Structures are given as structure tokens and as C-alpha cells.
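Here is the structure we will look at.
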């Protein structure tokens, strides 16, 4: 038999040390205890640091120098309720520091999100001290302020949140930021939140009643960084998208503010101002206010600026200012705006060309202005835009041409400038408004026989007949254009329609060419007769 082996005890000793009382008489010792694995020690160490730091700023700085910050930040996520509670309390006290050492900045450098804790609901103390940490980080720490404003930008897009924000005097706080020159770096984000707050009519009215709109107007006029001033005016333009808001802005004399800004040096501010003028011009009373305040000559002057963006905004503003307002039309004319607008038709920016054509078309409704527009070569300037692929350019150009072509000299000029072929080519368009305007312009031009003959050479008669046979493309405009062309040659009209109206007076030779089924034959007959 082998030698007996002594059996080792299979049951480990269950005896443990009795709890040892821990006392730290120096801050350094207590800071070391923050790394203990014992929860009881952690609770007492955090409590001791809180008590020590609470006695004064010198103690707070001392504890910071001993390296208490890192372990405390770690402990605020501890599983033990008391450890977490005491650690947050210690950090909260340390953050409220008035010494030369800015502990709040050091705390923020760790990670501000550490202090957005999810404490046990019934432990109000943790809420209070965590909030204290966050509050201390956002008095003087720019990053937190920017983050807070960006957060507000997102949440105030919701109507219910805007109401809550308004009830908490949030708008007033934003205006305080905008009025504080030391916080100019926050203005851009603050203005975005302001724009959200003013977006719905209900909030806008309440802010207006509380004097908030008056403060915003004052801020806009205060000499400031051009980018900030530009953003502030853009805010007004955004608010003015609502008819109810435009009425309130008018009551606040926003037109006076905008007219003053039209003369500032910065291009971005003037561009934003023109956009705001355009938005406000949907309010009829505002159109008159801009004229009475001298705003129209100021906008006209901006047409001479080198900035293409500003020119576009200025032409858009003039288009809206003159729409359905005869006095404003004459104000633009007296300021020499029509002459500059004709030159804008040669521009490279489609929107500027479209806006210029629209304004000229409105102004040409007045005979004296139309004659002046024509004298500056408007018809020739419209020929190139007739070849554009931009829909809005085509809509506005053809509309303008239809008004100008009521003058016999204008029709002759259009023909000599080579404008009839691109005009007729637009009959191929499937865009409803373009086609209507083209048909209207053709019907006006057809009152001149040489012009009518020329358009028929380019196939106008065939295309119009084809359009009028289409269920989707025909309209009263296309019918009018066809009739206008036929009225220039009664023989062709009789061949196509088999009858003449009582107003069709035969003043020269007339022959019955017989019923023609295909329009092309009638066109050839029409052209040959006129050429013979």
C-alpha cells in the first residue's frame, strides 16, 4: 500500500475581518480612498470631500490638485446609490468655484455628458447637484452654450416645445443674448432659434404683444457684425412668409427698418434685405410704405451692383413691388429702373433675366412707360431669352413680349431682330403657361401682315392647327392665335373654315382656293399671295 497523503481542507475558511473604521485626517488620504473597492469607504470618502470642499474655494482647488476629479467623475456612474449621490454632491460643490482656477472648465473637458445622469427617481439630491454641475458649466463655457442653442434649434421645430419654451421666457433670454455684445459668438445660433419661435402665427402674436418684436427690430438696426445682421434680416424674411405675420410686421413699421438697411455697405445684408422686401411686398399696405419711405429708388440703385446674387434679389423685389401697383410702377420708371432692367435681360443669371422681364412686362402696361422701354431696345434684348431652356425665363419673356408687341414699331423690330422664329418654335412647348403666353404674343404680332407672313413661313399656322386639334394642348389662347393669323389672309381663312365673319372686310383681291384639308397647303397659298 502506498504512503498516505494528508488531505487538504476542502472547505475554505469562512472567517472575515471585522469592519475597520476608516478615518482620513488629510485630504490626500481621502483622495486615495476614492479608488477603494469597498463601497462603504467610497461613501465616506466622497462625503468627506464634499464637506471639505464646501468650506471654501481654497479647499476646492486643493482637492482638485490632489487628483480628486477623475475618480469622482468615475464614481457618479457607480451602482451604489449612496456612492453615486455623494460623488455628484462633491462635484457639484467643486464646480461652484470663484477662485482663479476655473474648475468648471476642467470638468467640462472631462466630458459634459457625464453630468447628464439618470439618477434614481426618488433621490432629488442627485438631480439638484447634477443640475448644479451643468449650470456651472454653462455660465461661462462657450461649447456648452453652443450645444444648448443647437439643441434648442432642433426641439423648437415642434409646436408644443415652442409653447413650453415661450412660457419659460425663452424668447426673452434669447433677446438678452442678442443684445449682449460679449456673447456675439452665440448670435447665429440664437437667431436660428428666434426664427423657429416666430414661425407660427400664434407664437408670433404673443411675442409681439410682449414687446419681443420691438426688441428684434432694435437689434437689427444696431451696428453689428454683418453676418449676424444678415441672419437677423433673413429671420424677418422667413417670418414674413405668413400673411398674418406680415400684417403684424407692418404694424411694427418693419418697412422703415428694411429701407434703412438698403443703404448699408455689406452686400450680404443688402441681399437679405431685398429678400425681406420681396416677402413683405405681398402685403398691399407694405408696397405703399416702401414707396413712401423712398425704398424703390434704393432698390433700383442696387441693380448696378457687381454682385449677381444682389442683382437677382433686387430684381425679384422690384417685380413684387410693381405687381398690381401703378404708383410703384411709375416710381421705378422715375428712378430710371426700366433702362437698367432692359440691360439685365442680357445677363447670365436666369433668375435675374426672368425677374427683369416680369417687371418690364408689368411696367409696359402703361403707354408712356412702354414707349420708353422700347426706346431702350427692349425687344432686341428679349430675343436671346426666347431661346432659353429655363421655364420661368420663357414664361416671363413671352408675357413681356405680348405686352410690348401691341406697338407696330415693336413688331417690326422683333422681325428685323430675328425674334419671330424662336417665338414660333416655342409652340412646341408642352408647358401650359409658356404655350399660353406664346400664343398670346403670336396673336398680337399677327395684327401686322408682314409679321404674320413671316411667322407662317416658320410653320406657325400648321403648329397652331395641330395644337387646336389636341384635347390636352388647345386653349382659348391657341384658338385666338390661329384666328389672328387667318385674319391676315381671308382667302386662307375661308379655305380652312368655309366662312368669313361679318367683320372680315375684303379690301384687295380675294379668291376661293377651295376647301383645304391639310394646313400646309393653305400656308403656302397664304405666303405666295402675300409675296406676289
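What follows draws every value from the coordinates through simple rules; no lab data is involved. These numbers come from a predicted model, not from an experiment. Cβ: placed from backbone, ideal geometry, glycine included. Neighbour counts: every protein chain shown.
So how do 52-59, 310-317 stack up, highest first, on mean other-Cβ count within 10 Å?
310-317, 52-59
At 7 Å along Cα-to-Cβ for each site, give me the label-to-label distance between residue 54 and residue 391 in nm.
Each label point is offset 7 Å from its Cα along the Cβ direction, giving 7.1 nm.
Would you please give the FRET efficiency between residue 127 and residue 267, computed as 1/(1 + (r/R0)^6) with r the Cβ-Cβ distance and R0 = 56 Å, to the nearest 0.05?
It comes out at approximately 0.65.
Packing-wise, with mean Cβ within 10 Å as the measure, how do 349-357, 212-220, 84-92, 379-387 rank, highest first?
Put in order of decreasing packing, that is 84-92, 349-357, 379-387, 212-220.
Quick check: the distance between the Cα centres of segment 364-412 and segment 433-466, to the nearest angstrom?
That distance is 15 Å.
What is the extension gain from residue 468 to residue 222, computed as 0.36 nm multiplied by their sequence separation minus the C-alpha to C-alpha distance, in nm to one decimal?
82.5 nm
Going by a ≥ b ≥ c, the root eigenvalues of the Cα gyration tensor, does segment 246-404 fall in the rounded group (a/c under 1.5), the prolate group (a/b larger than b/c) or the oblate group?
The shape class here is prolate.
Need one number: nm distance between label points at residue 183 and residue 483, each 7 Å from Cα along Cα→Cβ, rounded to one decimal.
In this crude label model, residue 183 to residue 483 measures out at 6.8 nm.
Working out 0.36 nm times the residue gap between residue 82 and residue 209, then minus their Cα-Cα distance, what length gain in nm do you get to one decimal?
40.8 nm
Which peptide among 465-476, 426-437 comes first, and what is the full order, when sorted by highest mean count of other Cβ atoms within 10 Å?
426-437, 465-476
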